[in-house]
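**Q** Below you'll find the structure I mean.
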Amino acid sequence: MTSVRKIVIIGGGTAGWMSAAGLAAVLKGLPVTIELVESAEIGTVGVGEATVPHIRDYNARLGLDEADFMRRTQATYKLGIEFRDWGRRGESYIHPFGAYGHTIGGVPFHQHWLRARAHAEAAGQSFDPIERYSLPIMASRAGKFAPPASDPRSLGSTYNYAYQFDAALYALYLRDYSEARGVTRTEGKIVAVDQRPEDGFVTAVTLEDGRRIEGELFVDCSGFRGLLIEQTLKAGYDDWTHWLPCDRAVAVPCASVEPPVPYTRATSDQCGWRWRIPLQHRVGNGYVYCSGYIEDDEAAHVLLSKLDGQAQAEPRVLRFVTGRRRKAWLKNVVAIGLSSGFLEPLESTSIHLIQVGISTLLELFPNSGCEAADQDEYNRVMVLEFERVRDFLILHYHANQRTDSAFWNDRRTAPIPESLAYKLALFRERGAVVAYKDGFFKEPSWLSVYLGQNVIPSGLDPLVEAVPTVDSARVMAELKAAVARAVQAMPSHEAFLRSLVGPRVPA
Amino acid sequence: MKRVLISGGGVEAWMTGAALATAGRGVLEVQVADQGRRPEGRIAALPALRGLHARLGISDESLASEAGARPRLGARYNDMLEPFGQTGAALDGVAFHHHWRAAGKPAALEAWSLAAQAASRGRFTPGSADPRSPLSTLDHGLTLDAAAYADLLKAVALKAGAEIAPTNAHVEVIIDTAATSPGDDWIDWSAWLSTGRRLADDTGLVSTFEPAPLSAGRRTHAVSGNRVAIGAAYAAFGAGDGGDLHLLQGAIARLISLFPDTPAAAAEFERLSAASAERARDMAILRWGDLSAPPEELAWKIAQFESRGRVVMYDEEVWPESAFVHAFLARGITPRRTDPLALRQPPERVRDLLERMRRVLEQTAEAMPRA
């Protein structure tokens with residue numbers, strides 16, 4: 001079996017250029033050429049401009065300079081996501097990139113907090129919200145940012161960060177990177193796909209002007225339509241809209257009216273939720289909604305009425321079907337990005353799922369035969385990733401307490417996957433989080449949503465009582481003070497950003 | 001206070017008693033019904049057991065003087081050494097064994113294991129936590145005098161507040177640790193595992209094992225009513241190589257993090273118990289079982305390793321990746337292809353690099369004191 005000599009990437013959006021750059025960086029040293037085909041006629045979908053901390057691993061693997069990358073993509077730092085009005089109206093919580101406190105007497109911190117909360121409630125006293133014990137949350141609330149400390153014993157090492165950036169600029173940046181490393185870019189609209197008669201492997205694509213581009217491995221980054229994976233290979237699609245019924249989004253950038261905050265915001269609205277992503281030069285906004293409950297025009301009107309500053313473009317409507325491609329890798333086609341499935345950007349996972357697709361493809365980089373074993377293992381890993389993100393997203397909808405709209409009442413009462421019901425039951429019973437190895441969202445993430453949306457367990461870990469209340473109260477008080485001091489000492493996000501990327505330049 | 005009775009005896013019961021009494025001080029009233037026969041001979045333990053000793057405040061010195069503990073650096077299966085710790089180091093984000101194959105296997109894989117190098121020289125020192133030191137790749141397990149070790153754990157348990165159960169004690173939860181025999185509620189694994197393994201020789205730094213009779217399988221439920229089965233009371237896969245004790249240790253940690261006395265916690269305890277027992281079972285089958293028709297998850301693992309040397313790690317694995325690499329190779333399961341990412345560097349450069357790594361390990365081993 002021969003090695004892959006030619007990779008063709010179909011589509012030049014975020015997924016396409018991330019794939020091109022990732023493959024070019026990691027496959028360096030192998031006799032393989034990479035060609036990316038994109039059409040200027042077909043617009044790209046900005047898959048959300050907010051990311052999760054794994055993006056730092058990707059950038060590091062490419063050897064990108066942080067300051068240069070942030071300047072070129074108008075990036076800001078991100079310590080978490082603020083969720084407004086997801087529990088009861090008027091409430092807010094932040095899902096941080098970091099843990100809440102540390103174990104006390106071998107028992108998880110949140111158990112101590114839940115006990116203290118129960119005692120305070122019984123005595124009719126007030127208690128501190130759990131966010132007081134999280135450095136990234138308190139820094140976000142104060143509009144501050146500093147990179148994590150490297151010493152694992154330091155409180156400053158208990159968080160991680162990601163970026164908020166202009167995805168179109170990021171794609172351009174990665175295009176420069178890729179072209180500098182030998183990736184060929186070809187412009188043209190694909191009008192035909194050739195397959196090998198004996199096994200259906202894709203052998204070439206033909207462009208409108210008659211050019212024919214051959215390859216041995218095709219990476220389909222063509223977006224929702226899945227030009228190769230679906231239109232050609234009919235891989236099939238698992239529709240998850242019965243669990244996540246939002247099927248449209250309207251997006252519009254607006255002018256900033258304040259310095260950028262180091263977090264993304266997701267605010268629930270009558271028929272869905274709105275995102276707000278502060279960049280250096282503007283704010284990205286969108287309304288994700290369900291077309292069964294609201295018309296496009298009205299959704300655009302709602303979005304425009306709630307912007308911080310002047311809209312900078314006409315609102316653009318995107319349509320999608322939540323779900324995943326049954327086989328993201330089939331024959332010699334690997335679908336990465338929207339062609340492999342769609343999950344709404346509530347937890348900024350679109351770019352993360354692109355990245356998992358790229359790194360898993362590299363771990364299983366095939367020879368030209370694309371053995372079934374490679375396809376099977378790739379699909380096993382991606383199913384786990386998609387399903388675990390899916391359950392986490394559904395939790396946000398299921399655990400809402402808004403009673404002022406049909407949409408939210410329906411979400412609260414709609415059936416949920418058994419896998420999520422199982423996780424919820426365990427948390428409700430004693431505040432324990434179901435653990436797994438694969439999948440992005442771990443205990444602190446689940447905790448933030450459960451507690452942030454008032455899913456309060458009826459019982460506790462029985463062993464928390466092995467730690468005297470006074471001992472845990474003392475540790476908690478010390479931690480709260482340490483968090484407050486650390487936040488006090490941090491520079492503002494704006495100041496830190498400017499020290500790295502330089503003064504603000506008009507866009 | 002919740003009254004918990006631990007039934008069984010010897011190492012299993014007292015290890016459970018010591019850990020529960022320590023973690024549950026003031027919450028759990030731990031009683032141990034030591035019904036079993038006094039254990040005999042020596043037993044093998046994996047490196048991870050040392051973590052439990054640290055939590056229980058048991059020092060290396062007291063283990064050596066009171067329980068006859070001796071370090072071991074690996075085990076021999078099918079005439080192949082499986083060393084503890086790390087074998088080689090990942091290069092450029094690609095696991096070591098891929099580079100070793102791409103370089104044409106310049107020597108046996110264990111040449112890049114510090115544990116193997118030290119063992120072959122009869123030398124020993126504990127590993128280091130400093131990631132810059134080659135000693136950070138070293139890890140060691142123990143062999144112990146079973147009866148003396150049980151006594152030591154008993155002393156720790158009693159000191160932490162555990163009691164010897166009176167007859168007819170009234171308890172709320174019963175934790176079974178005694179080896180079980182197949183009954184109605186039994187999932188039979190004997191087609192894959194007709195025998196187990198027990199310690200044969202531990203006089204050197206590498207232990208060897210011999211076949212031992214076994215009825216392999218697990219109970220359908222770890223929790224039924226107020227009875228919780230852990231360790232040998234739950235699953236039997238005959239891993240006298242330290243695997244049995246390792247699975248028990250995992251179950252004890254699970255009792256502490258998820259005491260199964262409420263329905264959802266019991267369900268999660270069940271799920272995790274089944275998954276970790278099955279992963280340990282798969283390793284036992286890989287080491288000494290029948291591979292003609294392996295369980296689905298193991299078959300997938302074997303297919304992936306045979307195809308391209310990928311080590312699939314599921315949730316709740318009890319063995320590290322490098323243990324699987326050695327175990328596959330020891331059973332003659334070898335990859336058909338070399339990972340393309342291991343071919344990015346010219347083979348002679350990889351060979352040079354490997355040669356240098358090997359020399360560092362050899363020198364480090366030479367500098368260790370005699371065991």
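**Q** For B:GLY240, are the conditions met, namely being under 16 Å from B:THR177 (Cα atoms), more than 14 Å from chain A (Cβ to nearest Cβ) and either surrounded by fewer than 24 Cβ atoms within 10 Å (Cβ to Cβ) or of a type in the set (Asp, Glu) (or both)?
**A** For B:GLY240, the condition - under 16 Å from B:THR177 (Cα atoms), more than 14 Å from chain A (Cβ to nearest Cβ) and either surrounded by fewer than 24 Cβ atoms within 10 Å (Cβ to Cβ) or of a type in the set (Asp, Glu) (or both) - is met.
**Q** Here's another thing I want to ask about it. Would it be correct to say that A:ALA162 is under 24 Å from A:LEU497 (Cα atoms), buried (at least 17 other Cβ atoms within 10 Å of the Cβ) and at pLDDT below 95?
**A** Answer is no for this residue.
**Q** Then there is this: Please find, within the range A:368-388, the residue that is surrounded by the fewest Cβ atoms within 10 Å (Cβ to Cβ) out of those that are among the hydrophobic types (A, V, I, L, M, F, W, C) and in a helix (DSSP H, G or I).
**A** The extreme case among them is A:ALA372.
**Q** Report, by residue number, each residue of the range A:131-148 that is assigned to a loop (DSSP other than H, G, I, E, B) and open to solvent by 60 Å² or more (accessible area, probe 1.4 Å).
**A** A:PRO147
**Q** When B:ASP290 is evaluated against the numbered criteria (1) more than 14 Å from chain A (Cβ to nearest Cβ); (2) free of Cβ contacts under 8 Å to residues at least 24 places away in the same chain; (3) surrounded by fewer than 23 Cβ atoms within 10 Å (Cβ to Cβ), which criterion, by number, is the only one it fails?
**A** Only one criterion is unmet by B:ASP290, namely (2).
**Q** If you go through the range A:389-406 one residue at a time, how many are surrounded by fewer than 19 Cβ atoms within 10 Å (Cβ to Cβ) and part of a helix (DSSP H, G or I)?
**A** Total meeting the criteria: 1.
**Q** Right, next: Would you check which residues across the range A:220-243 are surrounded by fewer than 22 Cβ atoms within 10 Å (Cβ to Cβ) and touching a Phe, Trp or Tyr at 6+ places or on another chain (Cβ under 8 Å) and list them?
**A** A:PHE224, A:GLU230 - these are the residues of the range A:220-243 that are surrounded by fewer than 22 Cβ atoms within 10 Å (Cβ to Cβ) and touching a Phe, Trp or Tyr at 6+ places or on another chain (Cβ under 8 Å).
**Q** If I filter the range B:255-277 for residues that are charged (D, E, K, R), open to solvent by less than 30 Å² (accessible area, probe 1.4 Å), part of a helix (DSSP H, G or I) and under 21 Å from B:TRP189 (Cβ atoms), do I get at least one hit?
**A** no
**Q** A further question follows. For the range A:451-474, which positions are crowded, with 18+ Cβ neighbours inside 10 Å and among the β-branched types (Val, Ile, Thr)?
**A** Once the filter is applied, which keeps residues that are crowded, with 18+ Cβ neighbours inside 10 Å and among the β-branched types (Val, Ile, Thr), the range A:451-474 yields A:VAL455, A:VAL464, A:VAL467.
**Q** Let me spell it out: the conditions are (1) within 14 Å of another protein chain (Cβ to nearest Cβ); (2) assigned to a strand (DSSP E or B); (3) small (Gly, Ala, Ser), and B:GLY51 meets all of them except one. Which number is the exception?
**A** Here B:GLY51 meets the rest and fails (2).
**Q** For the list (1) over 23 Å from B:GLU29 (Cα atoms); (2) at pLDDT 95 or above, I need the number of the one condition that B:LYS154 fails.
**A** Here B:LYS154 clears every test but (1).
**Q** Among the listed residues A:ASP57, A:ASP151, A:ASP128, A:ASP68, which satisfies the condition of being over 22 Å from A:LEU451 (Cβ atoms) and outside any helix (DSSP H, G or I)?
**A** Step by step, each of A:ASP57, A:ASP151, A:ASP128, A:ASP68 is checked, and only A:ASP151 is over 22 Å from A:LEU451 (Cβ atoms) and outside any helix (DSSP H, G or I).
**Q** Is there any pair with a first residue in the range B:194-217 that is on the phi > 0 side of the Ramachandran plot and a second that is among the aliphatic types (A, V, I, L, M) and surrounded by 20 or more Cβ atoms within 10 Å (Cβ to Cβ) whose Cβ atoms are under 7 Å apart and which are 6 or more apart or on different chains, and what are they?
**A** B:GLY217/B:ALA236
**Q** Residue under question is B:TYR314, and the condition is that it be of a type in the set (Phe, Trp, Tyr), more than 10 Å from chain A (Cβ to nearest Cβ) and either touching a Lys or Arg at 6+ places or on another chain (Cβ under 8 Å) or touching a residue at least 24 places away in the same chain (Cβ under 8 Å) (or both); does it hold?
**A** It is false that B:TYR314 is of a type in the set (Phe, Trp, Tyr), more than 10 Å from chain A (Cβ to nearest Cβ) and either touching a Lys or Arg at 6+ places or on another chain (Cβ under 8 Å) or touching a residue at least 24 places away in the same chain (Cβ under 8 Å) (or both).
**Q** Within 26 Å of A:THR360 (Cβ to Cβ), free of Cβ contacts under 8 Å to residues at least 60 places away in the same chain and buried (at least 18 other Cβ atoms within 10 Å of the Cβ) - does that describe any residue in the range A:412-427?
**A** Scanning the range A:412-427 turns up at least one residue that is within 26 Å of A:THR360 (Cβ to Cβ), free of Cβ contacts under 8 Å to residues at least 60 places away in the same chain and buried (at least 18 other Cβ atoms within 10 Å of the Cβ).
**Q** Then there's this: Within the range B:15-32, which residues are away from chain A (no Cβ under 14 Å), in contact with a strand residue (DSSP E or B) (Cβ under 8 Å, 6 or more places away or on another chain) and not in a strand (DSSP E or B)?
**A** Across the range B:15-32, the qualifying residues are B:THR16, B:GLY17.
**Q** Test each condition in (1) open to solvent by 40 Å² or more (accessible area, probe 1.4 Å); (2) more than 14 Å from chain A (Cβ to nearest Cβ); (3) small (Gly, Ala, Ser); (4) in contact (Cβ under 8 Å) with a residue 12 or more places away in the chain for B:SER59 and report the one that comes out false.
**A** The number of the failed condition is (4).
**Q** I've got another one for you. Name the single residue, out of those in the range B:33-46 being open to solvent by less than 40 Å² (accessible area, probe 1.4 Å) and modelled with pLDDT of 95 or more, that is nearest to the other protein chains (Cβ to nearest Cβ).
**A** Once the filter is applied, the top-ranked residue is B:LEU46.
**Q** Here are the criteria: (1) surrounded by fewer than 22 Cβ atoms within 10 Å (Cβ to Cβ); (2) in contact with a helix residue (DSSP H, G or I) (Cβ under 6 Å, 6 or more places away or on another chain); (3) within 18 Å of A:PRO462 (Cα to Cα). Tell me which single one A:ALA116 does not satisfy.
**A** Tallying (1) surrounded by fewer than 22 Cβ atoms within 10 Å (Cβ to Cβ); (2) in contact with a helix residue (DSSP H, G or I) (Cβ under 6 Å, 6 or more places away or on another chain); (3) within 18 Å of A:PRO462 (Cα to Cα), A:ALA116 fails exactly one: (2).
**Q** State whether the residues of the range A:347-367 include one that is out of contact with any Asp or Glu (no Cβ under 7 Å at 6 or more places or on another chain), in a loop (DSSP other than H, G, I, E, B) and modelled with pLDDT under 95.
**A** yes
**Q** I would also like to ask the following. Scan the helices (runs of 4 or more DSSP H) fully inside the range B:295-371 and keep the ones with 2 or more residues being open to solvent by 20 Å² or more (accessible area, probe 1.4 Å) and β-branched (Val, Ile, Thr).
**A** B:347-366
**Q** Next question, about the same structure. Regarding A:LEU420, is this residue out of contact with any Gly (no Cβ under 8 Å at 6 or more places or on another chain), within 14 Å of chain B (Cβ to nearest Cβ) and modelled with pLDDT of 95 or more?
**A** Here the answer is yes, as A:LEU420 does meet what is asked.
**Q** So, one more: Among strands (runs of 3 or more DSSP E) lying entirely in the range A:189-304, which contain 2 or more residues that are among the charged types (D, E, K, R)?
**A** A:212-214, A:237-239, A:264-269, A:272-278
**Q** Sort out which residues of the range A:450-503 are free of Cβ contacts under 8 Å to residues at least 60 places away in the same chain, small (Gly, Ala, Ser) and over 29 Å from A:ALA75 (Cα atoms), and write them in order of number.
**A** Once the filter is applied, which keeps residues that are free of Cβ contacts under 8 Å to residues at least 60 places away in the same chain, small (Gly, Ala, Ser) and over 29 Å from A:ALA75 (Cα atoms), the range A:450-503 yields A:SER458, A:GLY459, A:ALA477, A:ALA481.
**Q** Provide a single number: the residues in the range B:101-130 that are within 30 Å of B:PRO340 (Cα to Cα) and more than 23 Å from the chain's Cα centre (by Cα).
**A** Number satisfying all stated conditions: 8.
**Q** Something else: Only one residue in A:ASP391, A:ASP374 is more than 14 Å from chain B (Cβ to nearest Cβ) and in contact with a Leu (Cβ under 6 Å, 6 or more places away or on another chain). Which one?
**A** Result: A:ASP391 is the single residue among A:ASP391, A:ASP374 that is more than 14 Å from chain B (Cβ to nearest Cβ) and in contact with a Leu (Cβ under 6 Å, 6 or more places away or on another chain).
**Q** List the helices (runs of 4 or more DSSP H) that sit entirely inside the range A:408-494 and contain at least 2 residues that are under 24 Å from the mean Cα position of the chain (by Cα) and within 19 Å of B:ASP261 (Cα to Cα).
**A** Per the criteria, A:418-430.
**Q** Quick one: count up the residues across the range A:325-353 that are over 8 Å from the mean Cα position of the chain (by Cα) and on the phi < 0 side of the Ramachandran plot.
**A** Adding up the residues that qualify gives 17.
**Q** Determine whether B:GLU12 is open to solvent by 50 Å² or more (accessible area, probe 1.4 Å), part of a helix (DSSP H, G or I) and farther than 22 Å from B:ALA253 by Cβ.
**A** No.
The values are calculated or read from the model by the stated rules, or taken from the named source; none is laboratory data. In this text the structure is predicted, and so the values were computed from the model without any measurement. Please note: Cβ atoms are built from the backbone with ideal geometry, for glycine as well, and neighbour counts cover all protein chains shown. The area values use the complete protein model at the heavy-atom level, side chains included, leaving out ligands, DNA and RNA. Shrake-Rupley method; radii C 1.70, N 1.55, O 1.52, S 1.80 Å.
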